[in-house]
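The structure under discussion appears below in the form of structure tokens.
Read the figures in this text as sums done on the coordinates, not as results from a lab. All values reported here derive from a predicted model rather than from experimental measurement. Cβ placement follows ideal geometry from the backbone for every residue including glycine, while neighbour counts extend to all protein chains displayed.
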Amino acid sequence: MRLSFLAPSLLVFAFAASVASADTSSSQTYPLSTYAALGSSFARDSGLPALGWTEEQFNAFVEGMRASVRGQPYPSDEQTALLKKDIEQRLRALAEEYQRRQLDFTQPGRLDEFMKSMVKQHSLQMADSGLAYGLMPGRGPKFQPAPEDTVLLSCEALGPDGKTQLPKLRLSEQRVVVESLIPGLAEGVQMMTPGSSAIFIVPPDLSFDETDWPEDLAPGSPIIYMVRLHEIVSAP
């Protein structure tokens, strides 16, 4: 059930409106089974099954769509607005619960699914260590830092939802020794060259131990780093 993109846009009502205004003059014809499949796809993607409507409620909804397509829509009133608001709230709650479950990395196999999904979604690569990375070359010298090198680094850190900022992990043009970074970030920085940028998705076994886990992040969660390497200062 894909709910994370539904509320508050209310695809249910947007779809009804699009059907009502659709150009029906197309010469292309499809078998009725294709229309049925489209309806199934819409119902699944819009979260209709999760609303728990009765057969009578669903039939009334379909009749409203049919009436709109015929140019005789049912008039909206205060109850219609209340129903829209109720559905919007329910879909939002369902979407939040769905995302919570998706980010529950205590579930067996969930971390592996997340990492593979991020690699595919963002066209990243996966190192043997389990680090996911994407590199954007810069115009600086084409050499990479060693573990003992000092580098001038900036980075932003986000939780696995891609929204939750982790300000305590942020660096702004800060000089650090590569090997002093968490293992996943140290591995990633050694792939970079001066002036380049990168995204790293660091799995929990390459980040912090239990005693140092960042605030505002559930233990065992991967961390998304967006990094820029400004300069390399070779070790003495």
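Here is a yes/no grid of residues against (1) closer than 22 Å to Glu113 by Cα; (2) crowded, with 18+ Cβ neighbours inside 10 Å:
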{"residue": "Gln125", "(1), (2)": "yes, no"}
{"residue": "Leu131", "(1), (2)": "yes, yes"}
{"residue": "Arg139", "(1), (2)": "no, no"}
{"residue": "Leu152", "(1), (2)": "no, no"}
{"residue": "Lys163", "(1), (2)": "yes, no"}
{"residue": "Val178", "(1), (2)": "no, yes"}
{"residue": "Asp205", "(1), (2)": "yes, no"}
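Evaluate the following for Ala186: is it buried (at least 17 other Cβ atoms within 10 Å of the Cβ) and either on the phi < 0 side of the Ramachandran plot or outside any loop (DSSP other than H, G, I, E, B) (or both)?
Working: buried (at least 17 other Cβ atoms within 10 Å of the Cβ): yes; either on the phi < 0 side of the Ramachandran plot or outside any loop (DSSP other than H, G, I, E, B) (or both): yes.
Answer is yes for this residue.
For Ile223, the stated conditions hold: it is buried (at least 22 other Cβ atoms within 10 Å of the Cβ), more than 16 Å from Leu152 (Cβ to Cβ) and touching a residue at least 40 places away in the same chain (Cβ under 8 Å). Among the residues of region 210-230, just one is within 25 Å of Pro145 (Cα to Cα) and in a loop (DSSP other than H, G, I, E, B), namely Pro222. Taking (1) over 20 Å from Tyr225 (Cβ atoms); (2) assigned to a helix (DSSP H, G or I); (3) free of Cβ contacts under 8 Å to residues at least 60 places away in the same chain; (4) not charged (D, E, K, R) in turn, Ser117 satisfies each apart from (1). Checking each residue of region 64-79 against the condition of being under 30 Å from Ser221 (Cα atoms) and part of a helix (DSSP H, G or I) gives no match.
Which ones in region 41-78 are exposed (fewer than 10 other Cβ atoms within 10 Å of the Cβ) and among the polar types (S, T, N, Q)? Please lay out each step first, then the result.
Initially, region 41-78 is screened for residues exposed (fewer than 10 other Cβ atoms within 10 Å of the Cβ), giving 52, 54-56, 70-72, 75, 77-78.
Of everything in region 41-78, those that are exposed (fewer than 10 other Cβ atoms within 10 Å of the Cβ) and among the polar types (S, T, N, Q) turn out to be Thr54, Gln72.
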